[in-house]
1. Exactly one of (1) surrounded by 19 or more Cβ atoms within 10 Å (Cβ to Cβ); (2) in a helix (DSSP H, G or I) is unmet by Ile82. Its number?
2. Within the set of pairs 6 or more residues apart or between chains, which connect a residue that is within 13 Å of Thr91 (Cα to Cα) inside the range 26-50 to a residue that is β-branched (Val, Ile, Thr) and surrounded by 13 or more Cβ atoms within 10 Å (Cβ to Cβ) with Cβ atoms less than 7 Å apart?
3. Tell me, which residue of the range 45-63 that is closer than 18 Å to Gln7 by Cβ and in contact with a Ser or Thr (Cβ under 9 Å, 6 or more places away or on another chain) is surrounded by the fewest Cβ atoms within 10 Å (Cβ to Cβ)?
4. Tell me yes or no: at least one residue of the range 25-41 is under 30 Å from Val194 (Cβ atoms), surrounded by 15 or more Cβ atoms within 10 Å (Cβ to Cβ) and in contact with a helix residue (DSSP H, G or I) (Cβ under 7 Å, 6 or more places away or on another chain).
5. Among the residues of the range 102-144, which ones are closer than 24 Å to Leu198 by Cβ and assigned to a loop (DSSP other than H, G, I, E, B)?
Amino acid sequence: MLGSFTQAREPEALLYMQGCESDATVDEGIVLLQQIDNGWSRLQYQKGLGFTECLKFRTLDDVSNLLCNHSSLVDGNQFGRIFWIDMTENTFSRKLLLRWYDNTAGNPRELVSIFPYRFLRSDFNQDGRSDVGISFRIREHLIPEKYSGALHAVNSGYKIDPPDALSLTYIFNGVALKLLKDSQANSARVHQIVNKHLPTTAQ
């Protein structure tokens, strides 16, 4: 991803790297590069971070901050976090906006899925800046005991209720993203479900 992340008008790039660590449990990271006269120079490396989706937001200081979705899969459980990332002046600041969780692949009896399936850029408050809407699908379903878990049940023809849908709108004010007041109830529901099934220290 190209942009100016540390200072205005600096030609820089953010790269996602996988397989660059000897530790099999943490084998990914991101590298921040800056273009110089004879090529590219590494500014910093952040171990253990990998983003499946990032959106750039140009700030009032003419640098790009990022909204990024990070997830990891452990024993069929997918743990996700949505971060606001600021690399101004070559620091690396992460603000956690939301956590999400999906245990479908683990064949659970207690199926829990709260999954962000769409990130929509739009100027929701019509101030000339792009904002973002995050849409979620939510399921909480207890599988009958005659099945070993959710995957077994679905493969056997059992019908699981369709997911609920909700969305959160974040307004970009030129500095950071702010949750729209009308989205506070939906945000509380996301946090309530995730916190119910995960400790606050979970990945």
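What follows draws every value from the coordinates through simple rules; no lab data is involved. Note that this is a predicted model, so its numbers are computed, not measured. Here the Cβ positions follow ideal geometry from the backbone for every residue, glycine too, while neighbour counts run over all protein chains shown.
1. (2)
2. Close Cβ pairs (under 7 Å, with a partner that is β-branched (Val, Ile, Thr) and surrounded by 13 or more Cβ atoms within 10 Å (Cβ to Cβ)) amount to Leu43/Thr6; Tyr45/Val31; Gln46/Ile30.
3. Let us first name the residues in the range 45-63 that are closer than 18 Å to Gln7 by Cβ, namely 56-63.
Then drop every residue that is not in contact with a Ser or Thr (Cβ under 9 Å, 6 or more places away or on another chain), which leaves 56-59, 61-63.
Values: Lys56: 18, Phe57: 21, Arg58: 16, Thr59: 17, Asp61: 12, Asp62: 10, Val63: 22.
Here the residue is Asp62.
4. The answer is no, given that none of the residues of the range 25-41 is under 30 Å from Val194 (Cβ atoms), surrounded by 15 or more Cβ atoms within 10 Å (Cβ to Cβ) and in contact with a helix residue (DSSP H, G or I) (Cβ under 7 Å, 6 or more places away or on another chain).
5. Asn103, Asn107, Pro108, Arg109, Ile143
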